[in-house]
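The values are calculated or read from the model by the stated rules, or taken from the named source; none is laboratory data. These figures come from a predicted structure and were not determined experimentally. Methodologically, a virtual Cβ is constructed for each residue, glycine included, from the backbone with ideal geometry; neighbour enumeration extends over all protein chains shown. Each accessible area value is taken on the protein alone, full model and side chains, heavy atoms only, with ligands, DNA and RNA left out. Shrake-Rupley method; radii C 1.70, N 1.55, O 1.52, S 1.80 Å.
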Amino acid sequence: MISLNEFTKITNEVITSIEKSLYYLFTNYPEDYVLFLASGEYDETLTYNKKLNLMPYMISGHNLDYFFEYTRLDFLSGFLNRYYTFEDENVLLDDSYRLNIEFLIYIHIWEAKPFLKKIYRLANLLNGKEYDWKVSIPNYNKSKFIRNNIIEPLNSFDNPLSQILIRTYNSDLRNAIAHSDYQLDDDLKTISFKSKSRFCNISYDEWSIKFTYSVCFSYYFIHIVTGRRKRIIEDWGRNYFTIKVPFSDGTIKHAAIEYEKDRDAFSFIKKNNN
């Protein structure tokens, strides 16, 4: 069970943490901020045809990952609008049927490679590292990747997002849900789940808090990043920028890009050889 007041409080906390992190990136690493919004990606297929001589580093904002995430978030939005109405005295009552759907959504969130790639890249940039164009999310043991490459780096300099992730992510619970190693007890209002060699319990109320942090972070992270991309001209007062692009010789060079508001997309500015 969760109240509308609790849900609103968590939502505001998540939004504030995301906004603070992006503002830090914007003020301290402006070129990386633009590249992050442009969703720089390494397209390995472009390296296969040497005759084309195309650079494998792509930007747009509307790559495949964007559409994968849109599909997932469209479903998430529909679920929340249907079930999280708080019509019963501003409280969402416990419902085991809804809880099972929430479990599937929870897995979707922490298995979504486009989502994990974007958080990983942000964690890297906030730590002053170079933008990682070619991110490989493991198919197995994602919990280790999330812990070592996202949560711990953010926690190392007390970024507020680290606390959000600590509150929401539980690898043992995620694994138990994925393998159906859990049981709901409507009388005791508890979820029992297998954690390695032992069983653990989490109350329905605790789950509601964890799930709310998860869905709010998953939804608003993408929503806020998309919103900042769409208003980048207003924020910067121009539509052209420079980003850092790695080359095959190991050097990193600056490249000019522009943002087209009508298309909501970035593109490289071609050099005029005339």
Inset, instruction - For residues that are of a type outside the set (D, E, K, R) and crowded, with 19+ Cβ neighbours inside 10 Å, scanning just segment 121-148, find the one that is farthest from Thr168 (Cα to Cα). - result: Tyr131
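If we scan segment 189-203, do we find a residue that is closer than 22 Å to Thr11 by Cα, part of a helix (DSSP H, G or I) and open to solvent by 30 Å² or more (accessible area, probe 1.4 Å)?
First, pick out the residues of segment 189-203 that are closer than 22 Å to Thr11 by Cα: 202-203.
Going one step further and asking which of them are part of a helix (DSSP H, G or I), we end up with none.
No - not one qualifying residue is present in segment 189-203.
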Inset, instruction - Go through (1) open to solvent by 10 Å² or more (accessible area, probe 1.4 Å); (2) assigned to a helix (DSSP H, G or I); (3) farther than 21 Å from Val91 by Cα and name the single condition Ser218 misses. - result: (1)
Legend entry - Every residue from segment 165-187 that is touching a strand residue (DSSP E or B) at 6+ places or on another chain (Cβ under 9 Å), of a type outside the set (Gly, Ala, Ser) and either modelled with pLDDT of 95 or more or not in a loop (DSSP other than H, G, I, E, B) (or both): Asp172, Leu173, Asn175, Ile177, Tyr182, Gln183, Leu184, Asp185
Inset, instruction - Hey, can you tell me all the residues within segment 150-164 that are out of contact with any Ser or Thr (no Cβ under 8 Å at 6 or more places or on another chain), part of a helix (DSSP H, G or I) and hydrophobic (A, V, I, L, M, F, W, C)? - result: Ile150
